[in-house]
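The structure appears below as structure tokens.
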Amino acid sequence: MKIVVVSAGLSVPSSTRLLADRLTAATLAHVDAEVAEVEVVELRDLATEIAQHFVTGFPPARLAAALDSVAAADGLIAVTPVFAASYSGLFKSFFDVIDKDALTGKPVLVGATGGTARHSLVTEHALRPLFAYLRALVLPTAVYAASEDWGEEGLAARIARAGGELARFMAPAAAPDVDTAAAIAPRSLTGAITSVDPADGFGADVVPFAQRLAALRAE
């Protein structure tokens, strides 16, 4: 099981890398450490190669290796700092040069860091649409960390929940306490549940709504 972490932090140390590391640790807490492989891609080290790729159309060796790693990952953690109320240009440029099919169906945990909570929706209006366009499976919980969030219980809880989701989507057996498939009942085109477990006490005595409506009209 391979997890690739893409961090777009520019400074050293970086709060973006710190968030990426904590999301990684939260994911590893739910998987078998013996079979888990983690690779970190620091985009600041690839900035020149990314620019060269745009100009020449060919990725230099280090960038090509990073792109191949992302494509081969079982799960992706992608974290960016906020610039001008969106992801950074370096972050976007990296995913601009990735193969259009590299992320299809791949579970992606997104995160962002910023100086104020006012940018907390960047994960929803910028990151989630970006990865949805790339046909990735963007996990339900996205994590934004403002400067004042560090050390708060709320951030730790969001990180733990997001890590658990990524582990579950990479390897469903890793989270036996949550049976995602069993929670989804088959539905008809009208949205009605078409099969219910009789052991739950439902099913045999359920009268379809259309039948009830017809009875009311007959009255």
Checklist line | Segment Val97-Val40, length gained on full extension (0.36 nm per residue, minus Cα span) | finding: 18.7 nm
Next item on the list: With all protein chains present, calculate the accessible area of Arg135 using a 1.4 Å probe and round the result to the nearest 10 Å².
Entry: 110
Checklist line | Solvent-accessible area of Glu124 with every protein chain in place, 1.4 Å probe, in Å² to the nearest 10 | finding: 80
Notebook entry, point to check: Rounded to the nearest 0.05, what FRET efficiency is calculated for Leu137 and Leu10 with R0 set to 35 Å and r the Cβ-Cβ distance?
Noted result: 0.80
Check: Residues of region 44-182: accessible area per residue at 1.4 Å, in Å²?
Finding: 47
Notebook entry, point to check: How far, in nm, would the chain grow between Ala65 and Arg217 when pulled straight, counting 0.36 nm per residue and subtracting the alpha carbon separation?
Noted result: 48.0 nm
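The values are calculated or read from the model by the stated rules, or taken from the named source; none is laboratory data. Quantities reported herein were computed from a predicted structural model and do not represent experimental measurements. Using ideal geometry, Cβ is built from the backbone for each residue, glycine included, and neighbour counts are taken over all protein chains shown. Side chains are part of the model used for accessible areas, which takes the heavy atoms of the whole protein and leaves out ligands, DNA and RNA. Shrake-Rupley method; radii C 1.70, N 1.55, O 1.52, S 1.80 Å.
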